[in-house]
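The values are calculated or read from the model by the stated rules, or taken from the named source; none is laboratory data. Quantities reported herein were computed from a predicted structural model and do not represent experimental measurements. Cβ placement follows ideal geometry from the backbone for every residue including glycine, while neighbour counts extend to all protein chains displayed. Ligands, DNA and RNA are excluded from the accessible area calculation, which covers all protein heavy atoms including side chains. Shrake-Rupley method; radii C 1.70, N 1.55, O 1.52, S 1.80 Å.
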Amino acid sequence: MHTLTPPCTSPLNYVKRPPNSVIPTRFTVKCGYGFESASFSQGFGASRADWQSSFAILASKVVSQQEDSPTRGDNNAAAVNGHDAAVTNLNLVPVKLGENKSIQPKPLTISDLCPAPMHGSTLRVAYQGVPGAYSEAAAGKAYPNSEAIPCDQFEVAFQAVELWIADRAVLPVENSLGGSIHRNYDLLLRHRLHIVGEVQLPVHHCLLALPGVRKEFLTRVISHPQALAQCEHSLTKLGLNVAREAVDDTAGAAEFVASNSLRDTAAIASERAAELYGLQVLADGIQDDPNNVTRFVMLAREPIIPRTDRPFKTSIVFAHDKGTSVLFKVLSAFAFRNISLTKIESRPHRSRPIRVVDDESEGTAKHFEYLFYIDFEASMAEVRAQNALAEVQEFTSFLRVLGSYPMDMTPWSPSCPREN
């Protein structure tokens with residue numbers, strides 16, 4: 001399993017240099033009539049003589065440009081912010097330093113280490129797994145031409161975005177056959193990232209093995225637990241009497257078979273994993289149900305501005321001191337405004353998992369406390385969505401909007417099994 005490493009595009013690249021080597025430093029000096037650059041061979045501000053000579057050269061260049069240029073008007077035209085900006089008044093301001101002291105470098109900030117992506121720069125997207133995982137494919141679909149950063153755990157992907165190692169994270173939240181990924185729902189509440197989009201990825205499982213290996217010689221198949229469950233009937237139809245062994249992820253299973261040269265073991269993974277790790281595809285599209293789709297959410301440090309010119313979805317989480325008795329009132333707030341719900345999920349309230357009710361007539365009872373996650377088809381820019389949440393807030397003790405984001409409307413077609 002790979003561990004998370006900072007991207008190679010880090011703005012700081014440390015290069016080992018021979019002793020006593022000199023690193024020239026270039027800086028730009030801005031004056032009233034243009035820009036000029038000067039280089040110090042002995043480092044930035046190595047001596048006062050360097051400063052004086054360099055500024056003298058700059059001043060002479062600008063004076064010559066001023067003499068060659070047409071008349072700019074009266075002397076007041078050179079005043080900038082109330083100060084005379086004429087080059088003839090360009091004087092060095094002495095810097096008072098104590099003995100054996102030099103100018104200290106400016107402390108680095110988080111923007112120096114990991115600047116936010118600007119126009120034309122590469123977006124860094126974190127995902128869970130190793131190269132060849134379905135999450136990597138989802139990250140590529142969500143952000144084409146981005147730099148994918150593999151993480152060994154879901155929480156590491158969250159932290160990568162929070163620590164500015166990555167700009168986005170693409171993580172699965174539910175599968176059409178396996179249901180919800182509860183771990184990521186819990187992490188959505190624990191961390192302060194915002195959902196800024198979603199992507200739905202059809203899952204296309206393949207049976208992979210080393211080149212030259214035949215199916216009848218296999219004794220074991222390894223993959224993620226959900227992948228094994230989703231291919232159970234197909235493995236039986238292929239006539240494979242093999243042991244099933246669960247590992248952390250599908251692409252990791254393919255990497256394990258290739259790196260250990262296991263000729264009696266096959267992996268269930270994607271076709272891209274076969275290409276990356278030099279495996280052959282024994283059977284293609286072996287998922288039991290062709291309608292196998294995983295939904296991923298795209299996470300960022302800042303939310304996006306909701307709009308009304310395209311279909312939007314909004315995700316919220318809420319809880320109440322009186323347990324599940326308010327759930328009907330919350331659902332009616334959406335039904336009354338004709339807002340469709342696409343998902344409702346309950347998770348244990350970890351800060352208060354049990355609620356004790358003391359009734360004099362019926363005695364003491366203990367109830368489990370839950371948090372409720374809801375996705376509904378509306379943008380927070382719509383008045384009906386704002387009114388619905390205002391009503392929900394009256395019934396709940398805790399309400400948080402996880403994100404309002406565009407829906408993934410990309411069409412997809414089911415895949416059919418194919419044996420090679």
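Structural remarks
- Contact order for segment 119-192, expressed relative to its length and based on alpha carbon pairs under 8 Å spaced 6+ residues apart, stands at 32 percent.
- Among the GluC sites (Glu not before Pro) found in segment 369-410, not one is both in a DSSP coil and sparsely packed, with 14 or fewer other Cβ atoms within 10 Å of its Cβ.
- For residue 177, the residues whose amide H sits under 5 Å from its own are 293, ignoring neighbours fewer than 5 places away on the same chain, with H placed 1.01 Å from N.
- Rolling a 1.4 Å probe over the protein heavy atoms of segment 179-337, with every protein chain left in place, gives an accessible area that is 53 percent carbon and sulfur.
- By accessible area with a 1.4 Å probe, ligands and nucleic acids excluded, highest first: order of 217, 296: 217, 296
- Under-5 Å amide H pairs with residue 147, H placed in peptide plane, nonlocal only: 123, 124, 125
- Computed E for residue 217/residue 182 - FRET, C-beta separation, R0 35 angstrom, nearest 0.05: 0.40
- If you plug the beta carbon distance of residue 243 and residue 141 into 1/(1 + (r/R0)^6) with R0 = 41 Å, you get a FRET efficiency near 0.75.
- Relative contact order (%) - criterion: Cα under 8 Å, at least six apart; region: segment 209-317: 32 percent
- For residue 220, the amide hydrogen comes within under 5 Å of the amide hydrogens of 243, 266, counting only partners 5 or more places away or on other chains and with H modelled in the peptide plane.
- In Hz, Karplus ³J(HN,Hα) per residue of segment 296-309 (6.51, -1.76, 1.60; θ = phi - 60°; x = Gly, Pro): 10, 10, 9, 10, 9, 6, 10, x, 9, 7, x, 10, 10, 8
- Put the Cα centre of segment 329-344 next to the Cα centre of segment 227-291 and the gap is 41 Å.
- Karplus 3J(HN,Hα) series, Hz, for segment 153-162 with 6.51 cos²θ - 1.76 cosθ + 1.60 (x for Gly, Pro): 9, 4, 5, 5, 5, 4, 5, 4, 6, 5
- Surface exposure of segment 148-197, expressed per residue as accessible area with a 1.4 Å probe, stands at 36 Å².
- Under conditions of 10 °C and 1.306 mPa s, segment 143-217 yields 105 µm² s⁻¹ as its translational diffusion coefficient, taking Rh as the Kirkwood radius over Cα pairs in the Stokes-Einstein equation.
- For segment 207-348: accessible area per residue (Å², 1.4 Å): 47 Å²
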